[in-house]
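Colleague: Sharing a structure, written as structure tokens. Questions coming.
The values are calculated or read from the model by the stated rules, or taken from the named source; none is laboratory data. Nothing here was measured: the structure is a model prediction, and the numbers come from that model. Please note: Cβ atoms are built from the backbone with ideal geometry, for glycine as well, and neighbour counts cover all protein chains shown. In case anyone asks, the SASA skips ligands and DNA or RNA and just uses the protein heavy atoms, side chains included. Shrake-Rupley method; radii C 1.70, N 1.55, O 1.52, S 1.80 Å.
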Amino acid sequence: MTEHSSDLDAFIAGLPKAELHIHIEGSLEPEQMFDFARRNRVALPFRTVEEIRAAYQFTRLQDFLDIYYEGAKVLLSAEDFHDLGMAYFRRLAADSGRHAEVFFDPQTHTDRGLPFGVAAEGLLAAMDEAERELGVTSKLILCFLRHLDEDAAFATLKAAEPWLDRIAGVGLDSSELGHPPSKFARVFHAAGERGLKRVAHAGEEGPPQYVWEALDVLRVDRIDHGNRALEDQALTARLAADGVTLTVCPLSNQKLCVVDDMAAHPLPLMLALGLKATVNSDDPAYFGGYLNANYRAVAQATGLSREALAELARNSFTGSFLDTGQVAGHLAEIDRYVAAQT
Ligand code: HPA
Ligand code: ZN
């Protein structure tokens with residue numbers, strides 16, 4: 001018997017957790033898109049919030065990316081990025097989120113003529129404020145757009161130089177197919193030499209080979225998504241043996257047709273295979289929900305137990321870039337929560 005869904009929802013609501021896969025530009029809600037467009041006098045191709053939401057019908061990653069890059073054009077000032085960040089952190093705090101490792105796409109903004117520091121300073125100000133006022137900690141991860149070339153990624157790393165002491169790592173996102181991780185071997189190596197952590201989207205739409213490359217060529221600390229790794233037994237065994245964290249995004253997978261049906265989501269299989277899976281929202285404003293909505297959707301559809309949910313939350317801290325003392329504190333809080341619930 002699976003537990004009554006409202007009880008499970010309450011368990012999820014209070015469960016302390018971290019988010020490791022959130023594109024801050026993907027938290028831009030339609031209402032905010034209008035606010036920023038008005039504030040910045042940017043014309044939008046939509047008249048109403050409903051029109052925007054109706055346009056969010058995707059059959060693959062690229063359908064989403066086209067509209068996501070279009071939406072980001074309303075972001076023009078450091079204040080915009082600050083407000084975007086704070087709106088996200090408030091939602092995270094309401095979901096019992098204690099920590100986030102936040103992606104941003106500097107090239108989406110520098111290619112529109114914004115200096116690197118506009119997005120970076122706005123987001124860093126929000127991160128400081130979230131820690132002070134909400135008790136939510138965070139780290140910032142700069143993502144390179146993989147549809148652009150490696151020289152552009154190098155230029156971005158150079159532009160980031162003055163902020164690198166406040167940036168935890170680099171990531172790799174955007175159109176996966178045709179843009180294998182090996183295309184970015186040198187810039188990831190350079191990032192590693194600067195002491196930055198490394199993560200990469202791999203195996204969302206791309207083949208298992210891309211996950212191998214992320215591990216062996218980019219030497220990543222985590223894999224973002226990783227769904228298609230399950231097609232390769234040797235790769236699955238490697239991920240399990242090395243304890244590589246996978247940042248899985250259930251509602252994103254459903255919206256982008258990476259899975260046919262939430263009931264068939266591979267998350268329970270990942271846990272059964274000993275993989276360090278986590279639950280994340282990816283682009284919550286576009287995919288239909290924030291962190292707890294992702295936990296609820298996958299838990300209800302696949303029948304995850306409380307123990308499995310607590311394991312996912314533990315994995316979100318052990319897979320984070322927090323130091324071991326901080327991780328231990330969060331794990332102890334999960335233990336206290338689980339003990340008090342049962
Ligand atoms: N995949 C690749 N690139 C992205 C995504 C994603 O899910 N979200 C934002 N950029
Ligand atoms: Zn993503």
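Colleague: In debye, nearest 20, what is the charge dipole magnitude of the stretch 1-113 about its Cα centre with +1 on Lys and Arg Cβ and -1 on Asp and Glu Cβ, if you could check?
Modeller: 300
Colleague: Let me spell out the model: positive unit charges on the Cβ of Lys and Arg, negative unit charges on the Cβ of Asp and Glu, origin at the Cα centre of the chain. What dipole size does that give, in debye rounded to 20?
Modeller: The dipole magnitude comes to about 280 debye.
Colleague: Here is a further query. With every protein chain left in place, what is the accessible area per residue of the chain in square angstrom, probe 1.4 Å?
Modeller: Result: 39 Å² of accessible area for each residue.
Colleague: Another question about this same structure. Structure shown: which of K158/K255; K158/K276; K139/K255 lie over 30 Å apart, alpha-carbon to alpha-carbon?
Modeller: With Cα atoms farther than 30 Å apart: K158/K255; K158/K276.
Colleague: Loop-only check: which trypsin sites (Lys or Arg not before Pro) in the stretch 97-160 are DSSP coil with at most 16 other Cβ within 10 angstrom?
Modeller: R112
Colleague: Report the residue, chosen from I67, I223, I141, that carries the largest GNM mean-square fluctuation when the chain is represented by alpha-carbon nodes joined by springs under 10 Å.
Modeller: Of I67, I223, I141, the Gaussian network model singles out I67 as fluctuating most.
Colleague: Given a 1.4 Å probe and every protein chain left where it sits, what share in percent of the accessible area of the stretch 1-111 is carbon and sulfur?
Modeller: Answer for the stretch 1-111: carbon and sulfur cover 51 percent of the accessible area.
Colleague: Now, a different point. Taking R0 as 45 Å, what FRET efficiency do you get between D221 and S5 from their Cβ-Cβ distance, rounded to the nearest 0.05?
Modeller: That pair, D221 with S5, gives E of 0.80.
Colleague: If you take the square roots of the eigenvalues of the alpha-carbon gyration tensor of the chain and sort them as a ≥ b ≥ c, do you get rounded (a/c under 1.5), prolate (a/b over b/c) or oblate?
Modeller: Judged from the Cα gyration tensor, the chain comes out rounded (a/c under 1.5).
Colleague: If each of T59 and R38 carries a label point 7 Å out from its Cα toward its Cβ, how far apart are those two points in nm?
Modeller: Taking the two extended label points, one gets 3.7 nm.
Colleague: Would you please put 18-27, 195-204, 48-57, 326-335 in order of how densely packed they are, using the mean number of other Cβ atoms within 10 angstrom per residue and starting with the highest?
Modeller: 18-27, 195-204, 326-335, 48-57
Colleague: Could the peptides 274-280, 232-238 be put in order, highest first, of the mean number of other beta-carbon atoms found within 10 Å of their residues?
Modeller: Descending mean neighbour count gives 274-280, 232-238.
Colleague: Specify whether the C-alpha gyration tensor of the stretch 281-333 places it in the rounded, prolate or oblate class, a ≥ b ≥ c being the square roots of the eigenvalues: rounded for a/c under 1.5, otherwise prolate if a/b is larger than b/c and oblate if not.
Modeller: Judged from the Cα gyration tensor, the stretch 281-333 comes out oblate (a/c at least 1.5, b/c at or above a/b).
Colleague: Take the solvent-accessible surface of the protein heavy atoms, probe 1.4 Å, and return the percent of it on the stretch 206-342 that carbon and sulfur atoms account for.
Modeller: Carbon and sulfur together cover 49 percent of it.
Colleague: Which of rounded, prolate, oblate describes the stretch 92-200, given a ≥ b ≥ c as roots of the alpha-carbon gyration tensor eigenvalues and a/c under 1.5 marking rounded, otherwise prolate only if a/b is larger than b/c?
Modeller: Since a/c reaches 1.5 and a/b is larger than b/c, the shape of the stretch 92-200 is classed as prolate.
Colleague: Which value in deg cm²/dmol, rounded to the nearest 500, describes the helix-derived mean residue ellipticity at 222 nm for the chain, given -39,500 (n - 2.57) per DSSP H run of n ≥ 4 and division by the residue count?
Modeller: The helix contribution divided over the chain gives -15500 deg cm²/dmol.
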